[in-house]
Structures are given as structure tokens and as C-alpha cells.
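For reference, the structure discussed in these notes is given below.
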Amino acid sequence: MHKVIFDTDPGVDDAMALLFLHHHKDIDLIGVTTVFGNARIEVTTRNALFLKREWKIDAPVVQGAGETFIPHRVTHEPPKHIHGADGLGNIGVPETVDIEPDPRPAAQFIIDMVRKYPGEVTLVAVGRMTNLANALKQDPEIVSLVRQVVIMGGAFEVPGNVTPAAEANIHGDPEAADIVATATWPVVWIGLDVTMQTVMTRTQLKEIADAAGRRGKLLFDLSQFYIDFYEGLVDDGMVVHDSCACAYVVAPELFATRSGTVRVVCGGLADGKTIQKPDGRGFGPSDWDNLPSQKIAVGINDKAVLKLIHDTI
Ligand code: BDR
Ligand code: CA
């Protein structure tokens, strides 16, 4: 069983990933921490509460960071053209939801859970890395208590999606991502290298929607705006970025990985670019030395991942 904290910025593909975690038999979802990104923090938290209510998810929703690790750091605006002005495909989410978030800040909640279940908690981070960096700053000892960190983020050998260099979750807070990348906890990066090819067709989504009843109808409805955005960029359908990271937790055998030290470019033309120095490659002394080796995904059995999502939801 995997105890999972889902750190998320819902977000259309985040919503699908949440439903996956909620339903997978090997996952014990112990918390949903929110971060700004696909929308402002008040909106991503409201969306998480809305999904919790609609999908009857027991795990608490905990509000996290509303700005970058370094205050007032310049980054991109919420991508309304991808996730809608309400972050959930403009389906008309109510302004407020009649349930409260956990009163703690997300970073504190992460620390509390990791200390409560030493060696058991997997952090699945599919938004900006700000909450994780804040937790590390507050309590650096958690690195040895976390089971693993699985990140949806980065673009290693492929172009980014915010700039030619950088993927959104990392471009949105590069300093936080570099802190998370270089900490001595086990990290697996599921980046655009593998997520861009993992596209659920409209037909597959409709099948899920029909089989999953009311839950499925909401997922189907909120996904339409996002699918329209991706039309022409990928084969017709929905790029399931965040669900790929969740799939890795329960089925790592569906991914090929490469080990090495990961750093994030902070500033300049390639702001937010993720780079891995593969283990065993010799270079002169550099900023990659004496740092932990982490895994990045370099291949995916996309058909099997899509089937896993389908069967789980
Ligand atoms: C990532 O950015 C967000 O827009 C998505 O939810 C996903 O986590 C893809 O680059
Ligand atoms: Ca996301």
C-alpha cells in the first residue's frame, strides 16, 4: 500500500489524477495539498474542495503556497487558455464550497504526515514545487523519512511547454524545483519526455465517463475545454500529464528511467530548464558534483498506462 500526499493545482489533468488516486486499490490517499499554478491558490483550493465533495474523497484538502519560494519572483500567469478561467474547463464551479480545508499550511501538513508515518509517505507533486521546498526549508530532516517523491514536471530531451526550454510546473517556480531536485530524498521525474505521448482519446474518455456514472460525467465535462486546447498539438484527445506520475507510483515497470543528478536552471533565457547529468558521465568539476542521483523517465508504455487509468477510474 502506498500512502500518498497529492500536491496539486487543479487543473483539468490534475482532476483526472485525483480520481485515479482515489480509486486505486494500492493507494491510501492521506491528503491533497494545493499550490498555485493552473489558477490562483484560492481557486485551486476551491477546486480541490469541489472535487472532494463531488467525488466523496475522504482525504483532507490543505491549502499551500500562493506565490513562489522567493517572494515576488517573476513567472508566467495561470494558463486560462488551457484549464479555463475557473481552472476546471469553465464548467461553472460554484464560487464557494461548503467544506473547509485543513487549517494547517500545506508545508506543515506534509511535515506532520511524514513524521507520523516515517518511511511510508510518497509525495506526488504535479504542480509547482513550492510546497515541497517550503517543507524542506522548515524541516530538512524529512528527506530521510519520505518514501519517495514523484514529480510531474520537467522537459529533459524535448522542448518545454511554456518556453522552448521549460515545462510549466518547473518554470512556475524554478528555485523551489532546484531545491527539491537536489535534496537527498529519492525523486523520480515524470516529464514532458513521456507525458506528451500519453494521450487519452475522446472515445476512451467517453467510455470512462459512461462506465463511471456521475463521477465520470463530471470528469468528461471538465475535460472538454482542455481537449480543445490540445487539438492540433497532439493526436485528438487529452494529454494525461499528472495521471502519468500517479501511474508510476503503482506501476513503475511501465516506465524506462535513467539515473543522474538533476538541476534546474534559475534565471535567464532557459529559466526553468531541467537538466540531468547521467550517472557515469565524466565532466570537469561542476555544480552537478556531490549531489544525489535521481531518476528521470525516458520511456513509457503509454498504452498500458492509459489502460491502467481507464480500469482504475
Ligand atoms: C503540467 O502543467 C499543468 O498545466 C498541468 O496540470 C501539468 O501538471 C504540464 O506541464
Ligand atoms: Ca498539474
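Per-structure values
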{"item": "All-pairs alpha carbon distance profile, region 71-122, 10 Å steps from 0, percent", "result": "18, 23, 37, 22, 0"}
{"item": "Fraction of alpha-carbon pairs over 19 Å apart in region 117-247 - percent", "result": "56"}
{"item": "Cβ-placed point charges (K, R +1; D, E -1), dipole of the chain about Cα centre in debye, nearest 20", "result": "420"}
{"item": "Residues residue 235 and residue 40, FRET efficiency given R0 of 35 Å [Cβ-Cβ distance, rounded to 0.05]", "result": "0.65"}
{"item": "Rounded to 10°, Cα long-axis angle of helix 12-23 versus longest principal axis of the chain", "result": "80"}
{"item": "Binned Cα-Cα distance frequencies in region 120-184 - 5 Å width, integer %", "result": "4, 19, 28, 24, 14, 8, 4, 0"}
{"item": "Calculated [θ] (222 nm, deg cm²/dmol) that DSSP helices of n ≥ 4 give over the chain, each run adding -39,500 (n - 2.57)", "result": "-11000 deg cm²/dmol"}
{"item": "Label-point separation in nm, residue 221 to residue 77, each point 7 Å along Cα→Cβ", "result": "2.8"}
{"item": "Equivalent ellipsoid semi-axes - Cα gyration tensor, the chain, angstrom", "result": "27, 22, 19"}
{"item": "The chain: angle of helix 241-250 to the longest principal axis, Cα-based, in degrees nearest 10", "result": "80"}
{"item": "Using a Förster distance of 35 Å, the FRET efficiency for residue 281-residue 112 (Cβ separation, nearest 0.05)", "result": "0.35"}
{"item": "Cα-based helix-to-principal-axis angle, 106-116 vs the chain, degrees rounded to 10", "result": "80"}
{"item": "Extension gain from residue 70 to residue 206, taking 0.36 nm per residue of separation minus the Cα-Cα distance", "result": "44.8 nm"}
{"item": "Over 30 Å (Cα to Cα) - which of 3/137; 56/206; 3/295; 25/273 fall in this group", "result": "25/273"}
{"item": "Three-way shape label, region 1-123, alpha-carbon gyration tensor, a/c 1.5", "result": "oblate"}
{"item": "Residues residue 291 and residue 58, FRET efficiency given R0 of 41 Å [Cβ-Cβ distance, rounded to 0.05]", "result": "0.60"}
{"item": "Share of pairwise Cα separations in region 206-313, more than 20 Å, in percent", "result": "59"}
{"item": "Distance histogram for region 53-173 (every C-alpha pair counted, 5 angstrom bins, percent rounded to whole numbers)", "result": "2, 9, 15, 19, 20, 17, 12, 5, 0"}
{"item": "Average Cα contact separation per residue, the chain, under 8 Å, 6 or more apart, as relative contact order %", "result": "19"}
{"item": "Beta bridge orientation in the chain: antiparallel %, DSSP, nearest 5", "result": "30"}
{"item": "Long-range amide H partners of residue 89 with built H, under 5 Å", "result": "84"}
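Readers should treat all values here as calculations from the given coordinates under stated rules, not as data from a laboratory. Quick caveat, the model's predicted, so the values are computed rather than measured. Glycine gets a Cβ as well: all are built from the backbone with ideal geometry, and neighbour counts include every protein chain shown.
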